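We did not get these values from a lab; they are worked out from the coordinates using the rules stated. Not measured: the values here are computed from a predicted model. Positions of Cβ are generated from backbone atoms using ideal geometry, with glycine treated the same way; all protein chains shown enter the neighbour counts.
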Amino acid sequence: MSPARDPLEPSEAFKFPKLNVQNYANWSVHMQSALQAKYLWLIVNGTETCPQKPDDKKPDNVSMADWKVEMREYIEWMSRDEVAQGLMRGAVEESQWPHVTASKTSKEMWDDWKKVHQDNQKKINVHYFFEELYTRKYIDGSPMADHITAILNIKHKITQVGETIPDLHVARTMILSLPKTPSWDLIKIQLFDIETRAGHESGSPVGIPVGFLTHGIKDVFYRFLTDLSINNSVTGNPCANRWVPMDQSLEKLLRILSFVICMITL
């Protein structure tokens, strides 16, 4: 019968690609699993913190037995932390070592690699998200709802990394994503009119002038606003050239723009 294996001893469990500039997402999952198998993950993630270091010489007010227990607990934690550091350093390419030269513990090593590969990458990715937003184009004949959903998803990605982008700016981007043809340019003019009138400063009366729309779609447009609970307080002739109060929610605004596109292109 073979002897029991020391849980702190390196094993075959670390058979996964070493950390490089491209594989942090997969590496971090494998590395965490390996550390968990070695009972080291609670130290690396900061749950099991380092005990206070006892005095090198036993204080007079502490018994010898208690001092030895405290010293043993401290040394055991430090030893396990160094094992975790060694295992992680051995699981990365040498090009990754400079990122953790100032790290004093396994937790600091983990956090430093995460910052380099994940947090910094988010700052890079946001530029690609903006590029995707500005260059996305609507394919004539495809569902407008899918196009709007895609734009909202890109906006969500941008806000997830801590950046902000005004709702009306996204709406303007959606309009510019429409095809560059004479017929679509006529639609864009009307949509920009909506977008401009909807873009008043916060706190002032905000709404959509329904009077500029062609007479044939006023009634339907009015009912659409009512269905969205945007103009529940508005009564009277829907064809009147009046302001219809509007919630400045981006999603509702884009739905309105989508609706106008559909109605004008009938």
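Applying 1/(1 + (r/R0)^6) with R0 = 25 Å to the Cβ-Cβ distance of Y74 and A102 gives a FRET efficiency near 0.65. Qualifying GluC sites (Glu not before Pro) in region 72-129, where qualification requires a DSSP coil assignment and no more than 13 other C-beta atoms within 10 Å, comprise E93. Partner lysines whose Cα lies under 20 Å from the Cα of K180, excluding those fewer than 8 positions away in the same chain, are identified as K137, K188.
For region 12-120, the equivalent ellipsoid built from the Cα gyration tensor has semi-axes of 33, 14, 11 Å, listed from largest to smallest. If you take all other residues with their beta carbon under 15 Å from the beta carbon of A25, and give Lys and Arg +1 and Asp and Glu -1, the sum is +3. The residue among W97, W27, S63 whose Cα reaches farthest toward the positive pole of the charge dipole of region 12-120, with charges on the beta-carbon of Lys, Arg, Asp and Glu, is W27.
Note the full-extension length gain between F130 and T159 as 0.36 nm times their separation in residues minus their Cα-Cα distance, in nm to one decimal.
Values: separation 29, 0.36 × 29 = 10.44 nm, distance 1.08 nm.
The span from F130 to T159 would gain 9.4 nm if fully extended.
The simple spin-label model puts a point 7 Å past each Cα toward its Cβ; for T47 and D112 those points are separated by 2.5 nm. In this structure, the residue pairs whose Cα-Cα separation is over 18 Å, taken from K68/K104; K123/K157; K122/K155, are K68/K104.
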